[in-house]
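To start, the structure itself, in structure tokens.
The values are calculated or read from the model by the stated rules, or taken from the named source; none is laboratory data. The shown structure was predicted, so the numbers you read here are calculated from the model rather than taken from an experiment. Glycine also receives a Cβ, built like all others from the backbone with ideal geometry; neighbour counts cover every protein chain displayed.
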Amino acid sequence: MLNYQLQYPQNIKTIFLENNSGFPGKPRNEGMKYVTSDYILFLDADDYYLKDALELLYHTITKYNSDIVIGCYYINEKGHKKLSITDMDNNIINMDPLKNQNNFDKLCVINSCTAWSKIYKKEFIFNNNLKFIEDANAEDVHFYINILKHSAKVTVLPQNVVYNYEIYDDSTIHDYDLDLFNHILLGAHYTIEILKQLELKTDRVLFEIIGVLLLVFFNLKNNLKKDAALKIYKIEKYLEKKFNFHMKSTRIEVNLLNKTIMEKKFKKAIFISNIYKIAYSNKIIKKIYQNIRKE
């Protein structure tokens, strides 16, 4: 990064924090303090914006005077690219996020509630004091839902891919332990506090939250899984009471695992998760499963 700053001193500023916060929220908030332009973007390590993506996003947000513009992205896993989910046919769509249920649901699906693949109006961010949580994971979901809560105009580019999201088997995001689980759970509680303020159904966001918790549970060591399973049970029971929420994934195996946890059959849930882990580790089985899901 210092090399880039030396090459482009007018465009790049490197900021060093005294201590590693351990979470993405702190450096992102610090970075926003130094923004001198009228617009803000976020980029995760190892990812990149496609050629001409920034020009497209900038042109769109200035043309439509939007609070935020959202583009599509590729999920790139070991060279196999998959396009992010979108069921919108139009080239450009302007939406009020909370105007109706359809708008909210579409905006929660198109990009999995991430901070990247978007451009934000700085004035909108600062006027609403929108920040990332700094002591927990799942900060992207919390930030994005807060964005939708305050925004009056979001512009979506369903036909334009602007971002490449890299997935590596040895990436730090796949190093699962109970601390990560607990920090995601804390981030989930922060997000739920925002969802409680909305007058719309929030199942699509809750599906993602529980899905991430199940993913981390799946990859924990066996001696940690019972504690995690109990916490998933408790948060889902709370969501059931508060939002009438019932987990329903598009993946049959996820629903089976979740159903077992909700029946408090934790030993069985741990056994099932281990069977899944063995199956997913087999390259042939994994390839067959991926092909089935594409159909």
Inset, instruction - Assess whether TYR74 counts as being closer than 26 Å to ILE184 by Cβ, of a type in the set (Phe, Trp, Tyr) and under 22 Å from the mean Cα position of the chain (by Cα). - result: yes
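Quick grid of which residues meet (1) more than 13 Å from ALA188 (Cβ to Cβ); (2) surrounded by 17 or more Cβ atoms within 10 Å (Cβ to Cβ); (3) not polar (S, T, N, Q):
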{"site": "GLU208", "(1), (2), (3)": "no, yes, yes"}
{"site": "LEU214", "(1), (2), (3)": "no, yes, yes"}
{"site": "LYS221", "(1), (2), (3)": "yes, no, yes"}
{"site": "ALA229", "(1), (2), (3)": "yes, yes, yes"}
{"site": "LEU239", "(1), (2), (3)": "no, yes, yes"}
{"site": "LYS248", "(1), (2), (3)": "yes, no, yes"}
{"site": "VAL254", "(1), (2), (3)": "yes, yes, yes"}
{"site": "LYS268", "(1), (2), (3)": "yes, no, yes"}
{"site": "PHE271", "(1), (2), (3)": "yes, no, yes"}
Inset, instruction - May I ask you to list the residues in the range 131-142 that are on the phi < 0 side of the Ramachandran plot and crowded, with 20+ Cβ neighbours inside 10 Å? - result: PHE132, ILE133, ALA136, ASN137, GLU139, ASP140, VAL141, HIS142
Legend entry - Residues located in the range 186-205, provided they are over 10 Å from VAL141 (Cα atoms) and under 14 Å from the mean Cα position of the chain (by Cα): ARG204
Inset, instruction - State which residue is modelled with the lowest pLDDT when the search covers only the range 164-183 and only residues that are surrounded by fewer than 20 Cβ atoms within 10 Å (Cβ to Cβ) and among the hydrophobic types (A, V, I, L, M, F, W, C). - result: ILE173
Inset, instruction - Could you check the range 1-96 for strands (runs of 3 or more DSSP E) lying wholly inside it with 3 or more residues that are in contact (Cβ under 8 Å) with a residue 12 or more places away in the chain? - result: 68-77, 93-95
Inset, instruction - Take the residues in the range 116-127 that are under 25 Å from HIS183 (Cα atoms) and surrounded by fewer than 22 Cβ atoms within 10 Å (Cβ to Cβ), then tell me which one is farthest from the chain's Cα centre (by Cα). - result: ILE125
Legend entry - Selected residue (only one of LEU17, LEU50, LEU43, LEU6 is of a type in the set (A, V, I, L, M, F, W, C), within 18 Å of the chain's Cα centre (by Cα) and farther than 20 Å from ILE184 by Cβ): LEU43
Inset, instruction - Quick one: in the range 186-238, of everything that is of a type in the set (A, V, I, L, M) and either touching a residue at least 60 places away in the same chain (Cβ under 8 Å) or not assigned by TED's automatic domain parsing to the domain that holds LYS264 (or both), which residue is farthest from ILE145 (Cα to Cα)? - result: VAL212
Inset, instruction - May I ask you to verify whether ILE145 is crowded, with 17+ Cβ neighbours inside 10 Å and modelled with pLDDT of 90 or more? - result: yes
Inset, instruction - Any chance you could count how many residues in the range 150-161 are of a type in the set (A, V, I, L, M, F, W, C) and modelled with pLDDT of 95 or more? - result: 2
Inset, instruction - Would you point out which residue out of SER66, SER21 is assigned by TED's automatic domain parsing to the domain that holds ALA115 and modelled with pLDDT under 85? - result: SER21
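Conditions (1) assigned by TED's automatic domain parsing to the domain that holds PHE124; (2) among the β-branched types (Val, Ile, Thr); (3) modelled with pLDDT under 90, marked per residue:
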site	(1), (2), (3)
GLN10	yes, no, yes
THR14	yes, yes, yes
LYS26	yes, no, no
LYS33	yes, no, no
ILE40	yes, yes, no
ASP44	yes, no, no
TYR48	yes, no, no
LYS51	yes, no, no
